[in-house]
Amino acid sequence: MSSKAEQKETNQPNGAVVPSVPVNCLTSPDRGQLVEPSDFLRPDGEGVGEVVLESRANAKGVREEDALLENGSQSNESDDTSTDRGPEPASPLKETSFSIGLQVLFPFLLAGFGTVAAGMVLDIVQHWDVFKYVTEVFILVPALLGLKGNLEMTLASRLSTAANIGQMDTPKELWRMITGNMALIQVQATVVGFLASIAAVIFGWIPDGHFSIDHAVLLCASSVATAFIASLVLGMIMIGVIIGSRKMGINPDNVATPIAASLGDLITLALLSGISWGLYKELESKAYVNPLVCAFFVALLPIWVIIAKRNAATREVLYSGWEPVIIAMAISSVGGLILDRTVSDPNFAGMAVFTPVINGVGGNLVAVQASRISTYLHMSGMPGESPETAPRKCPSPCSTFFSSDVNSRSARVLFLLVVPGHLVFLYTISSMQGGHTTLTLIFIVFYMTAALLQVLILLYIADWMVHWMWGRNLDPDNFSIPYLTALGDLIGTGLLALSFHILWLIGDRDSDVGD
């Protein structure tokens, strides 16, 4: 073996240049034994010292590297934060309860005030002619307000996950995600808006047995136009929020979904009220306006479908993402039927103003939790690839709320926000004299009980549902939030109506109903 072939000059960190040989020549297969230096002696005996020093340094470096790798492996096993996809952006796995609460608090309050504003709007517009004579519009309210869960919150969760795992770091990736997702939600908004109007017509016809074609077309035009415009505006806002939060070092999972909800309820309800009122005014003199509005938005569908199909990030959702949004719309419509049956009853005074608040708060909190769990799972791989993170059986309430993992910690934080948040929102409604009702202690107790029970049920279902979907190769970002927010609408409306009914039975509401 030639010495010239064996020895190479290498630059050391201190700037020195010394002869070196390959590490596999200096160490035995177990990387712990030094090869005898005599094997590298030149005939004149020179170079021994340098080779021995180099071999010792290499062996020491190898042993140190092995120790570091071992320690790193042990650390990663305990943290469950490592992936084989290279360095990851900052993740929510290192967050403390205080940091989670601090990041969620402001968007949560902002979202809550948005729902309060939506409740005040509904409390006012319920007396408009279109709501009096086309009462099926009330059935549209939870279904269209639920679009923030079906579409906007799903968009926010999907983009938050993409941002957290580094899929929006380059301008090309960012533009691809924006165009594909915006086209996708326009398709979903148009279809869901149309189906929501059909559900409203059916649910309105079943109890009364009365059907009006003019009212049906009015509901279709109002629903489709509201869904399209609201999704366009809110989608653009969501993209800006997620990009801004990443630049500010804030976890988008904590911010995006509550802000989507804060503006979603108010914008959607204002659009629905204004559009339905305007189309109702045109119903007698210009009956052709309503069909033209429907035809216009339906004619735009092929354009959005083509754009969404060309984007790999949204192609799968375009084909497989319909089941959750349609079923969620149907579930929300049942809540709308409850609202339609109770809002005009004097014994249920206040339902109009409190329903968006209790439903919005519950939906906001569970959407944050579902988005966080989904991001946590995405950091371990793709859906279905990590069976150890997706338990097949229902989790126990103790594991959901009282374990030491980060998702349980965030569930406790979100649950603890319910009472102080609702107290602030109830005080705001009372100070603005909304709801035609006076807040009494027994009413607050019943209201808080309903709100706590709603969020408790939703957080537990979210823990089970997100892991269940993940274990069956379904992306929770696309499938879980529509179901959860729709269940929030149904559970919240049902519990609130039950609370009002109990209060009426015990006589607490009789003296509180105003004009």
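The values are calculated or read from the model by the stated rules, or taken from the named source; none is laboratory data. None of these values were measured; they are calculated from a predicted model. With ideal geometry, Cβ positions are generated from the backbone for all residues, glycine too; neighbour counts draw on all protein chains shown. Accessible surface is based on the protein model in full, side chains and every heavy atom, while ligands, DNA and RNA are left aside. Shrake-Rupley method; radii C 1.70, N 1.55, O 1.52, S 1.80 Å.
General observations
- Helices (runs of 4 or more DSSP H) fully within the stretch 100-219 counting 3 or more residues that are modelled with pLDDT of 80 or more and surrounded by fewer than 24 Cβ atoms within 10 Å (Cβ to Cβ): 129-133, 171-208
- The requirement of being assigned by the TED database to the domain that holds Ile202, over 26 Å from the mean Cα position of the chain (by Cα), under 18 Å from Gly235 (Cβ atoms) and modelled with pLDDT of 85 or more is fulfilled nowhere in the stretch 262-279; no residue meets it.
- When each of Thr226, Thr257 is tested for being at pLDDT 90 or above, assigned by the TED database to the domain that holds Glu284, open to solvent by less than 10 Å² (accessible area, probe 1.4 Å) and within 23 Å of Gly335 (Cα to Cα), the lone residue that passes is Thr226.
- Condition met for Ser333 (free of Cβ contacts under 8 Å to residues at least 60 places away in the same chain and either loosely packed, with under 13 Cβ neighbours inside 10 Å or not assigned by the TED database to the domain that holds Gly492 (or both)): no
- Within the stretch 426-474, the set of residues being touching a helix residue (DSSP H, G or I) at 6+ places or on another chain (Cβ under 9 Å), over 21 Å from Cys398 (Cβ atoms), hydroxyl-bearing (Ser, Thr, Tyr) and open to solvent by 60 Å² or more (accessible area, probe 1.4 Å) comprises Thr438, Thr449.
- Tally of residues being in a loop (DSSP other than H, G, I, E, B) and β-branched (Val, Ile, Thr) across the stretch 327-378: 1
- For Cys294: the one exception among (1) in a helix (DSSP H, G or I); (2) surrounded by fewer than 17 Cβ atoms within 10 Å (Cβ to Cβ); (3) not hydroxyl-bearing (Ser, Thr, Tyr): (2)
- Selected residue (criterion: surrounded by the most Cβ atoms within 10 Å (Cβ to Cβ)) from residues of the stretch 309-326 that are assigned to a helix (DSSP H, G or I) and more than 19 Å from the chain's Cα centre (by Cα): Lys309
- If the condition is being within 11 Å of Glu136 (Cα to Cα) and not aliphatic (A, V, I, L, M), then the stretch 195-207 contributes Ser197, Phe203, Gly204, Trp205.
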